[in-house]
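Structure, as structure tokens:
The values are calculated or read from the model by the stated rules, or taken from the named source; none is laboratory data. Worth saying up front: this structure is predicted, and the values here are computed from it rather than measured. All Cβ positions, glycine included, derive from the backbone under ideal geometry; neighbour counts span all protein chains shown.
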Protein chains: 2
Amino acid sequence: MAPAPRSGEAADTATRILDVAERLAQTRGFNGFSYADISSELEISKASLHYHFPSKADLGQALIERYATHFAEALATIEERERDPIAKLDAYAGIYADVLQDQRMCLCGMLAADYDTLPKPMGDAVIRFFDENEAWLARVLEQGANADTLHLSRSPREEAQAILSGLEGAMLVARPYGDLSRFQAVANALLASLTSPSPPERGSGSGA
Amino acid sequence: MAPAPRSGEAADTATRILDVAERLAQTRGFNGFSYADISSELEISKASLHYHFPSKADLGQALIERYATHFAEALATIEERERDPIAKLDAYAGIYADVLQDQRMCLCGMLAADYDTLPKPMGDAVIRFFDENEAWLARVLEQGANADTLHLSRSPREEAQAILSGLEGAMLVARPYGDLSRFQAVANALLASLTSPSPPERGSGSGA
DNA sequence: GTCTATAGGCAGATAGAC
DNA sequence: GTCTATCTGCCTATAGAC
């Protein structure tokens with residue numbers, strides 16, 4: 001379903017629904033929007049939305065799965081474009097910065113807050129998302145440690161958890177302030193202190 | 001209102017309402033619970049809840065204000081008990097660990113996720129909470145830097161933001177895993193790397 | 001695939017008796 | 001202060017025509 005439309009081509013209905021729902025979930029939380037919100041924005045009836053996604057749980061699961069897929073593609077793109085592990089980490093933080101600049105929280109960070117109210121399959125998918133991110137980060141960190149461009153003071157896995165948590169938290173706290181630079185400052189501190197004993201002047205990441 | 005009851009004495013109704021609402025807000029988010037939830041748990045009618053807190057916005061604001069007051073008291077207690085800035089930071093992280101062990105998210109971290117849907121006064125109070133925490137942390141960090149027990153690689157304010165964000169993010173991500181040790185690992189990494197150039201074996205914080 | 005209409009329930013909130 | 005009863009509106013979801 002949903003064969004990737006050529007650029008300029010109109011997206012199909014299911015895709016447009018997911019686009020709107022994704023933004024609403026990222027800004028208002030999964031319990032903070034309704035079918036009516038999507039309906040009014042797309043000028044499509046609520047009943048039509050239920051045709052594409054019978055229940056809100058179905059919609060939510062489709063949301064996470066697409067988000068995780070897109071995120072994995074972004075990570076693959078980083079792998080293609082960057083060789084230096086530090087550049088990869090900067091690009092990784094840049095993904096978060098781009099999301100935040102769009103006034104959004106990471107979808108899965110937001111759903112982590114909603115975790116106790118989510119249908120089980122959605123909760124499981126949130127955890128998978130974090131696991132995949134952690135695994136990717138750990139690989140990059142280990143690569144850097146082996147190449148001696150990074151000097152870790154803990155296991156790659158623990159450093160990866162710290163980076164993931166730190167970036168999610170930086171987004172969470174920065175968003176009420178509406179201040180991207182607040183995120184950037186924290187992200188830089190996080191990567192600098194975790195990846196080098198004596199930080200040698202870092203740029204502001206690829207974001208924004 | 002609500003004169004602190006002597007230990008063992010039954011709390012008044014408004015306090016019991018706030019206790020239940022606080023837990024619900026911390027676990028399910030502000031849009032994830034209703035007056036009916038509190039009503040059934042306390043076996044008090046919904047109408048009675050509205051007598052004490054006319055609107056949910058009123059309830060929410062009372063929730064944040066009490067939480068911020070309690071938090072400030074906890075920080076004052078740390079100041080009384082600990083002299084070493086590192087011990088103060090460990091105790092600070094211990095507060096978060098205690099909240100997480102109780103299966104909860106920081107109230108204001110949770111409300112930060114809900115920020116876009118909150119009544120304006122609640123949103124403002126969330127920001128004040130973060131500001132106060134950041135200011136307290138910055139003072140402790142500066143104290144440590146002056147006493148030469150901490151070696152900061154950035155301004156106290158930036159380090160404070162990184163610690164606050166890092167702990168909030170660590171809670172956010174650890175909660176779906178239901179794993180306190182995951183939080184502890186990240187908190188230790190955060191404080192160790194931010195406060196000493198060559199980490200000299202740190203304990204696991206004062207939390208649980 | 002999209003619609004109108006509507007079911008059935010729960011949300012926040014109020015009236016008024018006690 | 002607490003209650004029962006109720007209001008209005010929105011929620012998710014379905015039926016059935018086109």
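Number of residues in region B:128-141 that are within 14 Å of chain A (Cβ to nearest Cβ) and surrounded by 18 or more Cβ atoms within 10 Å (Cβ to Cβ): the value is 7. Restricting attention to region B:86-115, the residues being part of a helix (DSSP H, G or I) and within 10 Å of another protein chain (Cβ to nearest Cβ) number 7. All conditions in (1) closer than 27 Å to B:Ala112 by Cα; (2) surrounded by fewer than 18 Cβ atoms within 10 Å (Cβ to Cβ) hold for A:Ala112, with the sole exception of (2).
Restricting attention to region A:61-70, the residues being touching a Leu at 6+ places or on another chain (Cβ under 8 Å) and either near DNA strand D (Cβ under 7 Å from one of its atoms) or away from every other protein chain (no Cβ under 14 Å) (or both) number 4.
The set of residues in region B:142-160 that are buried (at least 18 other Cβ atoms within 10 Å of the Cβ) and either at positive phi or more than 14 Å from every other protein chain (Cβ to nearest Cβ) (or both) comprises B:Glu142, B:Gly144.
Among residues of region A:7-23 that are within 14 Å of chain B (Cβ to nearest Cβ), those with a beta-carbon under 8 Å from a residue that is away from DNA strand D (no atom under 15 Å from the Cβ) and in a loop (DSSP other than H, G, I, E, B) at least six positions away or on a different chain give the pairs A:Arg23/A:Arg104. Filtering region B:176-193 to residues that are surrounded by fewer than 24 Cβ atoms within 10 Å (Cβ to Cβ) and either in a helix (DSSP H, G or I) or facing chain A (nearest Cβ under 7 Å) (or both) leaves B:Pro176, B:Tyr177, B:Leu180, B:Ser181, B:Arg182, B:Gln184, B:Ala185, B:Asn188, B:Leu191, B:Ala192. When region A:29-60 is filtered for residues that are more than 14 Å from chain B (Cβ to nearest Cβ), outside any helix (DSSP H, G or I) and near DNA strand D (Cβ under 6 Å from one of its atoms), the ones remaining, listed by number, are A:Pro54, A:Ser55. A:Arg157 - would you say it is modelled with pLDDT of 95 or more and farther than 17 Å from A:Tyr67 by Cβ? So A:Arg157 fits the description; yes.
Residue check: A:Ile86 meets all listed conditions (1) away from DNA strand D (no atom under 16 Å from the Cβ); (2) under 13 Å from the mean Cα position of the chain (by Cα) but one, namely (2).
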